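Asker: Here it is: the structure, laid out below.
The values are calculated or read from the model by the stated rules, or taken from the named source; none is laboratory data. Everything numeric here is computed off the predicted structure, so don't read it as measured data. Here the Cβ is made from the backbone with ideal geometry for all residues, glycine too, and neighbour counts use every protein chain on show. Accessible surface areas use protein heavy atoms only, side chains included; no ligands, DNA or RNA. Shrake-Rupley method; radii C 1.70, N 1.55, O 1.52, S 1.80 Å.
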Amino acid sequence: MDMIKKSLVMVTVFAMALSTSVLVAGDTETDEQEAVESEIMESEVVEPAAVVGEPAELVEQEEEIAAEVAAGEAPKGREIAAGACAGCHNPDGNSIIPTFPSLAGQHPEYLLKQLIDFKADEGGTAARQSDAMTPMVAALSDEDMEDLVAFYAEQEATPGQTTGSEDLLAIGRVLYHGGNIENGVPACASCHGPTGKGIPPHYPALAGQHAPYTLTQLDLFNKGERTNDNGVMQQVLTRMSGTEKRAVSEYIQGLR
C-alpha cells in the first residue's frame, strides 16, 4: 500500500491527463473534472519517440501478412477454433481463464503475426517463445492460421470488468492516458488508442484483456524474454515500476 501511495503522489502533477471519451466500468467524472483533464491532456501527455521508418524486411513482412489475412476464411477458422483452441481461449475467443488471452475482435494482422512467430522453423527456434503455443501451432498450415485469425477477428469481444483497488486503478488510468513524465514513460493510449482498440497492424487491441495475462506479457517484455516487437515495449517497460505495470494491467481489463 505504501508503494501505491508513493506512486500516486509521483503522478499527481498529471493525474487528470485522461481522455474524456473513455468509458471504464464503474468510472464516472464531473463536467469540471473533464474540463481540467482536457486542458492538461494538451500539454502533459508523454508521447512515444517518433519512428523514422521501418526496416525493409519488416515492411515486406507486413505486406505479406496483409495479403495472407485477406485470404482467410472465417467459417473454416471456426472449425479449428472449436477444436484445438477452445480449451484455453473458448470457442468464440473470449477466454474465461485469466492466464490465457481473449482473442475475440483482435486485429487479424496482429494475430497472424503472433501465430507465425510462435511457429518454429525446422531446426530453429520460434521468434516468440511459449511452451503452450509452439506445439499447438506446429500442426497448423499457413491456410489454417489465415482462417483462424479471420474467425477471431469477426467475433465480438466480451467487455472486461475492473477488479483492482481504486488506488491501483487511479495509477493505471494516469499511465494509460498520460504516461509518466518523470520517467519518460509514454502514454499507452498513444499506440493502443484511448479506448484500447489498438492501431493495426502494429499495435493490438487491449480493451478488456485479462490483467494477469497482460502483466505476464509486460514482465516478459521487460526481461527481454519476449522480443518479437522490434524492441518497442522493452524500451518502455524498463522505465516502469512493478506497481505501475500491475496498475496499468488492471486498468486495461476495465477498458471498453
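Asker: Report, ordered by the first and then the second residue, all pairs with beta carbons closer than 6 Å, sequence separation of six or more or different chains, a first member in the range 98-115 that is under 18 Å from residue 87 (Cβ atoms) and part of a loop (DSSP other than H, G, I, E, B), and a second member that is open to solvent by 20 Å² or more (accessible area, probe 1.4 Å) and charged (D, E, K, R).
Answerer: Short answer, once both residue conditions are applied: 104/92.
Asker: Could you list, in sequence order, all residues of the range 116-134 that are part of a helix (DSSP H, G or I) and either at pLDDT 95 or above or closer than 16 Å to residue 204 by Cβ (or both)?
Answerer: Step one: of the range 116-134, the residues part of a helix (DSSP H, G or I) are 116-118, 133-134.
Residues satisfying the conditions are 116, 117, 118, 133.
Asker: While we're on this one: Taking residue 231 as meeting all but one of (1) free of Cβ contacts under 8 Å to residues at least 12 places away in the same chain; (2) open to solvent by less than 30 Å² (accessible area, probe 1.4 Å); (3) within 21 Å of residue 101 (Cβ to Cβ), write down the number of the exception.
Answerer: (3)
Asker: Considering (1) out of contact with any Asp or Glu (no Cβ under 9 Å at 6 or more places or on another chain); (2) closer than 30 Å to residue 187 by Cα; (3) assigned to a loop (DSSP other than H, G, I, E, B), say which one residue 156 fails and leave the rest.
Answerer: With respect to (1) out of contact with any Asp or Glu (no Cβ under 9 Å at 6 or more places or on another chain); (2) closer than 30 Å to residue 187 by Cα; (3) assigned to a loop (DSSP other than H, G, I, E, B), residue 156 is out only on (1).
Asker: Do we have any residue at all in the range 234-251 that's in contact with a strand residue (DSSP E or B) (Cβ under 9 Å, 6 or more places away or on another chain) and open to solvent by 50 Å² or more (accessible area, probe 1.4 Å)?
Answerer: Within the range 234-251, one or more residues are in contact with a strand residue (DSSP E or B) (Cβ under 9 Å, 6 or more places away or on another chain) and open to solvent by 50 Å² or more (accessible area, probe 1.4 Å).
Asker: If you check residue 137 against the conditions, is it in a helix (DSSP H, G or I), under 15 Å from the mean Cα position of the chain (by Cα) and not hydroxyl-bearing (Ser, Thr, Tyr)? Explain how you work it out, then say what you get.
Answerer: Details: in a helix (DSSP H, G or I): yes; under 15 Å from the mean Cα position of the chain (by Cα): no; not hydroxyl-bearing (Ser, Thr, Tyr): yes.
Here the answer is no, as residue 137 does not meet what is asked.
Asker: Please determine, by comparing only the residues of the range 159-168 that are assigned to a helix (DSSP H, G or I) and in contact (Cβ under 8 Å) with a residue 40 or more places away in the chain, which one is nearest to the chain's Cα centre (by Cα).
Answerer: Step one: of the range 159-168, the residues assigned to a helix (DSSP H, G or I) are 166-168.
Next, only the ones that are in contact (Cβ under 8 Å) with a residue 40 or more places away in the chain stay: 167-168.
Numbers: 167: 22, 168: 19 Å.
Selected residue: 168.
Asker: When the residues of the range 209-228 are filtered to those that are touching a residue at least 40 places away in the same chain (Cβ under 8 Å) and outside any helix (DSSP H, G or I), which remaining residue is farthest from the chain's Cα centre (by Cα)?
Answerer: Applying the filter and picking the extreme gives 225.
Asker: Here is a further query. Identify all residues within the range 64-83 that are assigned to a helix (DSSP H, G or I), of a type in the set (Gly, Ala, Ser) and crowded, with 16+ Cβ neighbours inside 10 Å; write none if there are none.
Answerer: Matches in the range 64-83: 74, 77, 81.
Asker: Could you say whether any residue in the range 105-119 is surrounded by 17 or more Cβ atoms within 10 Å (Cβ to Cβ) and under 14 Å from residue 208 (Cα atoms)?
Answerer: Yes, the range 105-119 contains a residue that is surrounded by 17 or more Cβ atoms within 10 Å (Cβ to Cβ) and under 14 Å from residue 208 (Cα atoms).
Asker: Hey, another quick one. Scanning the range 159-178 for residues that are among the hydroxyl-bearing types (Ser, Thr, Tyr) and at pLDDT below 95, which turns out nearest to residue 243 (Cα to Cα)?
Answerer: 165
Asker: Additional query: Which residues, counting only those in the range 184-204, are touching a residue at least 60 places away in the same chain (Cβ under 8 Å), small (Gly, Ala, Ser) and surrounded by fewer than 23 Cβ atoms within 10 Å (Cβ to Cβ)?
Answerer: Correct list: 184, 190, 198.
Asker: Under 7 Å between Cβ atoms, which residue pairs at least 6 apart in sequence (or on different chains) link something in the range 169-183 that is in contact (Cβ under 8 Å) with a residue 40 or more places away in the chain with a partner that is of a type in the set (D, E, K, R) and assigned to a loop (DSSP other than H, G, I, E, B)?
Answerer: 183/239
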